[in-house]
Amino acid sequence: MKSIKGQGAAACPNCGENFDAEFWSLVRGDADAELKDSLLGGELNLISCPACGAFFYHDRNIIYFDPPNELLAFVSPGGDKKDFEAVKAKMKRDFKTLKENLASMNISYEPFYLAGLEELKAMLDYEAAAAAQSEVIAALSAQLGFKLAALRRAGARVSGYPFYLPVDGGAYTREGLIKAAQAVLKQNPALNMLETFIKDMQAGKELPPRI
């Protein structure tokens, strides 16, 4: 499934001109780097009025989809939280339709429902931070002789964990994970996602699902 561009009516908030405009309704974050950069830069679906030249955002919901990272988000670009529950209800219906149409992709994780592009940008910033911490954990684990366990991204993201965990002795056990994680954290105390994982494991939470 590729990124999808559509066409629809737009009304200029500056002069009231009505015209047809192109807009992106689905962005594949894993396949379209330029579109992703445009989104992060606040330029996605920014259109210009042909009558007065004013710039404004095309008011359409956007789906952000990154299957390899198990990330799916439905975004209301206006960011108006007043009526967001009604908007969210429609998004949930849209997700049900999307899931049925993409049955072969086996979407087994829940999407995020976001009120505004700023929330999506914040999520993607978090994603970049998680990926960076995960790479540091992988490098330190190799130095310390630990193997790595790759976690299901959707579960790790919701729990605030890194995408990789060091494993002591190769066994995916609570004790071994805590021991290895503590050793890695000692090397770099700034790995706050690994610290969150250790605290949760010591509190008795279930082991996160791995790939």
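The values are calculated or read from the model by the stated rules, or taken from the named source; none is laboratory data. Everything quoted here is computed from the prediction, not taken from an experiment. Heads up, the Cβs are rebuilt from the backbone with ideal geometry, glycines too, and the neighbour counts pull from every protein chain shown.
Of the numbered criteria (1) crowded, with 17+ Cβ neighbours inside 10 Å; (2) within 19 Å of residue 210 (Cα to Cα); (3) at pLDDT below 95, the one residue 106 fails is (1).
For region 16-34, the criterion of being among the acidic types (Asp, Glu) and touching a helix residue (DSSP H, G or I) at 6+ places or on another chain (Cβ under 6 Å) is satisfied by at least one residue. Of the residues 85, 43, the single one that is loosely packed, with under 15 Cβ neighbours inside 10 Å and in a loop (DSSP other than H, G, I, E, B) is 43. Check whether at least one residue in region 143-153 is in contact with a Gly (Cβ under 9 Å, 6 or more places away or on another chain), assigned to a strand (DSSP E or B) and either among the basic types (Lys, Arg) or in contact (Cβ under 8 Å) with a residue 12 or more places away in the chain (or both), and report yes or no. Within region 143-153 (the criterion being in contact with a Gly (Cβ under 9 Å, 6 or more places away or on another chain), assigned to a strand (DSSP E or B) and either among the basic types (Lys, Arg) or in contact (Cβ under 8 Å) with a residue 12 or more places away in the chain (or both)), the answer is yes, since at least one residue qualifies. In this structure, is residue 100 under 30 Å from residue 209 (Cβ atoms) and at pLDDT below 90? Here the answer is yes, as residue 100 does meet what is asked. Do you know which residues across region 29-73 are under 13 Å from residue 116 (Cα atoms) and of a type in the set (Ser, Thr, Tyr)? Listed by number, the residues that qualify are 57, 64. Report, by residue number, each residue of region 128-154 that is more than 18 Å from residue 211 (Cβ to Cβ) and either among the charged types (D, E, K, R) or surrounded by 16 or more Cβ atoms within 10 Å (Cβ to Cβ) (or both). Within region 128-154, 136, 140 meet the criteria. Among the residues in region 26-35, are any among the basic types (Lys, Arg) and at pLDDT below 90? The answer is no, given that none of the residues of region 26-35 is among the basic types (Lys, Arg) and at pLDDT below 90.
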